[in-house]
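The values are calculated or read from the model by the stated rules, or taken from the named source; none is laboratory data. None of the values given here were measured: they were computed from a predicted structure. For neighbour counting, all protein chains shown are included, and Cβ atoms are generated from backbone atoms with ideal geometry for every residue, glycine included. Only protein heavy atoms, including side chains, enter the accessible area calculation; ligands, DNA and RNA are left aside. Shrake-Rupley method; radii C 1.70, N 1.55, O 1.52, S 1.80 Å.
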Amino acid sequence: MSDQPAPLTIEDVRHVAKLARLAVPQERLASFQHDLQAILGHIAQLQSVNTDGLEPMAHPLTLTNRLGDDIPQSSMPIADLLRNAPAVEGDFLAVPKVLGGESS
Amino acid sequence: MSIDLVQIRNDIRTRKTTARATVDQTLARIAKNNPQLNAYHEIFDDQARNDADRIDQEIAAGKSVGILAGVPIAIKDNIVTRIGHTTCSSRILENYRSPFDATVIDRLTQAGAIILGKTNLDEFAMGSSCEKCAWGVVRNPWDITRVPGGSSGGSAVAVAANLCAAALGSDTGGSIRQPAGLCGVVGFKPTYGRISRYGLVAFGSSLDQIGPITHSVRDAALLYQCMAGDDPRDSTCAPRAVEDVVTTLEETPRTFRVGLPIQYRKGNSAAVDAAVARAVEFFKAMGATIVDIDLPLTDVGISTYYVIAPAEASSNLARFDGIRYGHRTKSKAAKDLFDLYAQSRAEGFGPEVQRRIMLGTYVLSAGYYDAYYRRALQIRRLIKQEFDAAFEKCDVILGPTSPTAAFSIGGMTDPLAMYMCDVYTVNTNIAGICGISLPAGFDETSQMPLPVGIQLQAQAFAEPMLLKVARAFERAQGGRAYPELKKV
């Protein structure tokens, strides 16, 4: 089929995994490549539909911004929110060092 | 032994039985059958018994009680509850306890319902078989070598096997209707925005809808009525009054037109086609007008869905990063924040969830957004227009819920083939309209008879008419059938 997408390379898969923040081990890249290629091959049928001049529809309801009344309310207790955290220091979430930015 | 939630509710209220006896009997059936079926991940025995005793005391004291007083309800484990855990059948949320209740939980418990337990699903509601549940496969009570469907398979099995009075599911592309069809029970997906999504763990936010899985259409109508309506905590909830669907349910619908899409006739098993044909004869005999309708984008729906849903999922599931809640890797190799995210997510999410996150990330990535995501949203509008045109000619659309009865566990390994099972259900969500799956007979060609479902779809907010038509069909069928189970 002429509208088949360009083949997905292992490098593409590695790039998408990085964007998705998923550590995909080397040995699983090929299986992701195979599955994604098959799905994209099927999805290619979208290219055969004429969509000229159509406004994208992001949502089924035509709702505009809905404003709520401005009423002060109490928030959830910090202890309840921290109960699920994997690592806590005092009233804070503990994370590895952030300065230096994300590595690639 | 046809019994439904409304019957149980009436018997408790008139003191033919008690809430406590109902809960005890249900718990005994669960103890006997759940180890094999795996419908429930967690059961709240003590709390359910306490709630039941409290309701029985209120009834005995002559106090007025809610319209669901004493009925035990099962909750799909992607709807948050303060009681117990909410895991989405995923390792990444194995120990998660919600600090709040979903709006639907508030509304059910305010009406007196008893929350009995949490049911298994395909991880994060991504699947059509309940084989992709981190807590083991769920089994179809009609034949335990078969899948129950998914993703609300645990809820459908809990109802089919009579392990609850009713259950809640969620439907993003058929996840209420398909398992209900494969398990021989009623599954109702209301119009998008009819029931608050507050506290439903988001998968595809523009597609997701909570709905009931029940023994009968009247149960579905009652639960819908209890849950529907605007919610300040969900800005996508429809700000629109909810009609009374319960008191009008038994009215025979006035003259109505049933549309049969010509695209719904190929690739179905003979038993599925026969079930639809029987339903057509029934509606004809009722005096309905039968019209052919054209939905040429039926097949394209799967492709459209598998762009929009993974795109929304890849964004929604970004919140699971091992920082505020959920699994965090213990690997010493995770030295910085990126490694911590990527390693925690790789360890916590199963293969299908990772596949969909990857697919969604790809279709949203630079260079592909217009070709995939934007185009899918344009086709979404076309699909909506196609339904709008069809509903000029008919009031309800009749067809199969799924092309076949339940398949064998382990029998469908190709992800794409699995996606195709949802061909008749995804477009309901894409267009945001409502649909219901009804038990409509059995496929007798397999070793064990397997339930077959039919689906009725109706225009957005046409629930009162859809439920009346469904109820009329149900009345003519008699009560639902029950699988043989281990006796208590």
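Annotations
- Shape analysis of region A:35-104 places it in the oblate category; the axes a ≥ b ≥ c from the Cα gyration tensor give an a/c of at least 1.5, with a/b not above b/c.
- Label-point gap, in nm, between B:Thr14 and B:Tyr369 - each point 7 angstrom along Cα→Cβ: 6.2 nm
- Alpha-carbon centroids, region B:151-222 and region B:51-84: separation in whole Å: 19 Å
- Applying a DSSP loop filter and a limit of 13 other Cβ atoms within 10 Å to the GluC sites (Glu not before Pro) in region B:381-468 leaves B:Glu444.
- When only Cα pairs below 8 angstrom with a gap of at least 6 residues are kept, chain B shows a relative contact order of 19 percent.
- If R0 equals 22 Å, the separation of the Cβ atoms of B:Phe282 and B:Glu444 corresponds to a calculated FRET efficiency of about 0.70.
- Cα centroid separation, region B:353-375 to region B:255-293 (Å): 37 Å
- Accessible surface area normalised per residue over region B:304-422 is 35 Å², counting heavy atoms of protein chains with a 1.4 Å rolling probe.
- Relative contact order, percent, chain A [alpha-carbon distance under 8 Å, six or more residues apart]: 20 percent
- Taking amide H as placed 1.01 Å from N in the peptide plane, the amide H of B:Ile290 sits under 5 Å from that of B:Val258, each at least 5 places away or on another chain.
- Set of lysines with alpha-carbon distance to B:Lys486 below 29 Å, sequence-local pairs under 8 removed: B:Lys16, B:Lys32, B:Lys76, B:Lys118, B:Lys132
- Sorted on the mean count of surrounding Cβ atoms within 10 Å across their residues, most packed first, peptides A:53-60, B:308-315, B:59-66, B:421-428 read B:421-428, B:308-315, A:53-60, B:59-66.
- Cβ crowding within 10 Å averaged over residues, with B:365-372, B:460-467, B:67-74 ranked highest first: B:67-74, B:460-467, B:365-372
- Nearby lysines by direct alpha-carbon distance to A:Lys97 (threshold 18 angstrom, same-chain neighbours under 8 apart not counted): B:Lys330, B:Lys332, B:Lys335
- Other protein chain C-beta atoms within 10 Å of residue C-beta, averaged over B:333-340: 5.
- Residue-averaged beta-carbon neighbours from other chains (10 angstrom radius) around B:302-314: 3
- Counts of other chain beta carbons within 10 angstrom of each beta carbon in peptide B:315-328 average 3.
- Mean ellipticity per residue at 222 nm, deg cm²/dmol - from DSSP H runs of n ≥ 4 across chain B, formula -39500 (n - 2.57): -11500 deg cm²/dmol
- Paired Rg and Dmax values of the protein assembly as shown, which use every Cα atom, in angstrom: 23.4, 75
- Order by protection proxy (mean Cβ within 10 Å, highest first), peptides B:104-117, B:36-49: B:104-117, B:36-49
- Average Cα contact separation per residue, region B:76-163, under 8 Å, 6 or more apart, as relative contact order %: 25 percent
- Degrees separating the helix A:10-19 axis from the principal Cα axis of chain A, which is the longest one: 20 degrees
- Cα long-axis angle, helix A:29-43 against chain A (0 to 90 degrees, to the nearest 10): 70 degrees
- For B:Gly441, distant residues with modelled amide H under 5 Å away: B:Val452
- Charged side chains reduced to their Cβ positions (Lys and Arg at +1, Asp and Glu at -1) give region B:107-237 a dipole of some 140 debye around its Cα centre.
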